[in-house]
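A.B. asks: Please find one structure pasted underneath; my questions will follow.
The values are calculated or read from the model by the stated rules, or taken from the named source; none is laboratory data. What you see is a predicted model, and the numbers here were worked out from it, not measured in a lab. Note that each Cβ is placed from the backbone with ideal geometry, even for glycine, and that neighbours are counted across all protein chains shown.
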Amino acid sequence: MAKPKRARKKDPPAAPRPPTRRLLPMDLQVGDRIVAKTGEWEVVARPFTTAAGKNAHVRVRQVGQRQFTDLKSWGAQERISVRRAPGERG
């Protein structure tokens, strides 16, 4: 006689997180959060380009430290990981 199959344990549901997207630096908007190796950064100013549009820069601040701001730079065609709040366009 065959044994009945055991039910597998299911993992507990993970907390919902805002979706992560891959955008060009010039598509960033104020309030977007950039996911980087050094932590999570929030965009505080519109992006701008230099070197005839080949480099893109944006002013950001670290999510945990509101006083500290930094200027992040990428190649204009690089895609970066961004989290947007639910309900925002783009």
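A.B. asks: Kindly state which strands (runs of 3 or more DSSP E) lie completely within the range 17-90 and contain at least 1 residues that are at positive phi and modelled with pLDDT under 90.
C.D. replies: Where strands (runs of 3 or more DSSP E) fall fully within the range 17-90 and carry at least 1 residues being at positive phi and modelled with pLDDT under 90, they are 39-43.
A.B. asks: Something else about it: Is the range 19-29 home to any residue that is exposed (fewer than 13 other Cβ atoms within 10 Å of the Cβ) and touching a Pro at 6+ places or on another chain (Cβ under 9 Å)?
C.D. replies: Yes: the range 19-29 contains one or more residues that are exposed (fewer than 13 other Cβ atoms within 10 Å of the Cβ) and touching a Pro at 6+ places or on another chain (Cβ under 9 Å).
A.B. asks: Just the residues that are among the polar types (S, T, N, Q) and surrounded by 16 or more Cβ atoms within 10 Å (Cβ to Cβ), please, taken from the range 44-69.
C.D. replies: Hit for the range 44-69 is Gln62, nothing else.
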